[in-house]
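First comes the structure, then the notes that go with it.
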Amino acid sequence: MAINKAKKSEIYSHLKEIVKGKGSHVFVNFHGLTVSEATNIRRTLRQEGVGYFVSKKTLAKKAFVESGITGEFPELSGELAIAYGEDAIAPAREVLKFQKTLKDKVTILGGVFENHFTTAEEMKVIASIPSQQVLYGQFVNLINSPIQRFVTVLDQIAEKKSA
């Protein structure tokens, strides 16, 4: 669908604002989504603090390349949407969830992580990193484990001496 110059400049300025934001950006191909599936994706991403913006590939490439991001811009095929957020991992994690449920309709094409272009495979690895709350829980469990074992040993020694 053809877009007039005013609309293109509006989209381009919005893309520049998205690129300026901290966090990460995920390039998403969303070919074949129904309206209800697209609405569900937008709603779920919004609840997780992740933005979702559909753009023309040429405008997105221009905005991202001109921003000074290092690396090689990934190959974009199909329709393009950009998932972005302040959290460095949330956009990739949430899009990967939809990629798993909506098999051929949503795919990660690449992205930007720590001001560097990444491939689709690298974004999938980033998406597999647990959330910050899960990492905190794992850390606390790691610290608690030796203390818990020590208390168990002391309890067994006390039982043996009392017997």
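The values are calculated or read from the model by the stated rules, or taken from the named source; none is laboratory data. As the structure is a prediction and not an experimental result, all values here were calculated from the model. A quick note on method: Cβ atoms are made from the backbone with ideal geometry, for glycine too, and the neighbour counts reach across all protein chains shown.
Comparison of GLY137, GLY111, GLY78 shows that the only residue that is under 26 Å from SER36 (Cα atoms), of a type outside the set (D, E, K, R) and outside any strand (DSSP E or B) is GLY78. Scanning the stretch 119-129 for residues that are outside any helix (DSSP H, G or I), surrounded by 12 or more Cβ atoms within 10 Å (Cβ to Cβ) and under 11 Å from the mean Cα position of the chain (by Cα) gives a single hit, ILE129. Based on what the data block shows, is VAL19 crowded, with 16+ Cβ neighbours inside 10 Å, under 11 Å from the mean Cα position of the chain (by Cα) and either assigned to a loop (DSSP other than H, G, I, E, B) or aliphatic (A, V, I, L, M) (or both)? Taking the combined requirement at face value, the residue does not satisfy it. Taking each residue of the stretch 30-41 that is in the same structural domain as SER55 (by TED's automatic domain parsing) and looking for partners that are in a loop (DSSP other than H, G, I, E, B) and surrounded by 15 or more Cβ atoms within 10 Å (Cβ to Cβ) with beta-carbon atoms closer than 6 Å, six or more apart or interchain, yields PHE30/GLU79; PHE30/VAL106; HIS31/GLU79; GLY32/LYS105; LEU33/LYS105.
Kindly indicate whether any position in the stretch 57-79 is under 30 Å from GLN133 (Cβ atoms) and touching a residue at least 60 places away in the same chain (Cβ under 8 Å). No, the stretch 57-79 has no match at all.
Residue by residue, here is whether (1) surrounded by 13 or more Cβ atoms within 10 Å (Cβ to Cβ); (2) among the polar types (S, T, N, Q); (3) within 15 Å of ILE108 (Cβ to Cβ); (4) in contact with an Asp or Glu (Cβ under 9 Å, 6 or more places away or on another chain) holds:
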site	(1), (2), (3), (4)
HIS25	yes, no, yes, no
ASN29	yes, yes, yes, yes
ALA38	yes, no, no, no
ARG42	yes, no, no, no
TYR52	yes, no, yes, no
THR58	no, yes, no, no
GLY68	no, no, no, no
GLY71	yes, no, no, no
